[in-house]
Amino acid sequence: MESTVLPWPIEIPMLAYMLRGRRQTVVVTLAVSAGSVTGCFLAYLAGAATLEALQGFIAARPGLEAGVAESRARIEALGPAAVFLAMLAPVPVQVASFAAGAAGMAAPAFLLAAAAGRTLRYAAMGVLVFAFGPAIMAWWADRPAWLRRAAVLAAGAVFLILFAFTVAAFV
């Protein structure tokens, strides 16, 4: 699941790998899409298990039970479309996936919506890299070496800072 363990969007290494050559674009798009959907499904299963574990607690509280029933009805009405849009948007897909599982969305509908959304998101990026990648690489190569090194070092420093904050949050 992207950005769950390391605080770095998957698009950064994906873009770097795609820029190595046009042949990489399709393979990377499919691999990242499959990995993302797998992570989404794990979050979905966690949401479903959480709801199941809390059934007794929810049933003992009529107001809460009514709220959960209302949420489930909304998910049933808008579920796959909402999941599809969440997979395209910059919202945390883990949250959308967990919520879909907790709301009881059917697994096949979830998987179809998640796969379609994530594949479209990454395929759009792949198309852009395929079309403009060589021009981007030429532009980058025309920058002075010191500027390229400084940009890479700055990106690495940001990554290390974010990684340190992530580790500190769990320690």
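Here are some notes:
- Of (i) 32.2; (ii) 12.1; (iii) 10.5, the label for mean projected area of the Cα convex hull in nm² derived from the coordinates: (ii)
- Heavy-atom accessible surface of segment 59-131, averaged per residue, reaches 53 Å², computed with a 1.4 Å probe.
- At least 24 Å along the helix axis (C-alpha) and Kyte average at least -0.5, DSSP helices within the chain: 22-53, 62-88, 107-142, 145-170
- Gaussian network model of the chain, Cα within-10 Å springs - most flexible of 31, 157, 113: 157
- Proximal charge balance of residue 125 [Cβ under 12 Å; K/R count +1, D/E count -1]: +1
- Average Cα contact separation per residue, the chain, under 8 Å, 6 or more apart, as relative contact order %: 32 percent
- Heavy-atom accessible surface of the chain: percent carbon and sulfur, 1.4 Å: 76 percent
The values are calculated or read from the model by the stated rules, or taken from the named source; none is laboratory data. Computed from a prediction, not measured in an experiment: that's the story for all the values here. Because the Cβ atoms are built from the backbone with ideal geometry, glycine has one as well, and the counts that use them run over all protein chains shown. Just the protein is used for accessible areas: all its heavy atoms, side chains included, with ligands, DNA and RNA removed. Shrake-Rupley method; radii C 1.70, N 1.55, O 1.52, S 1.80 Å.
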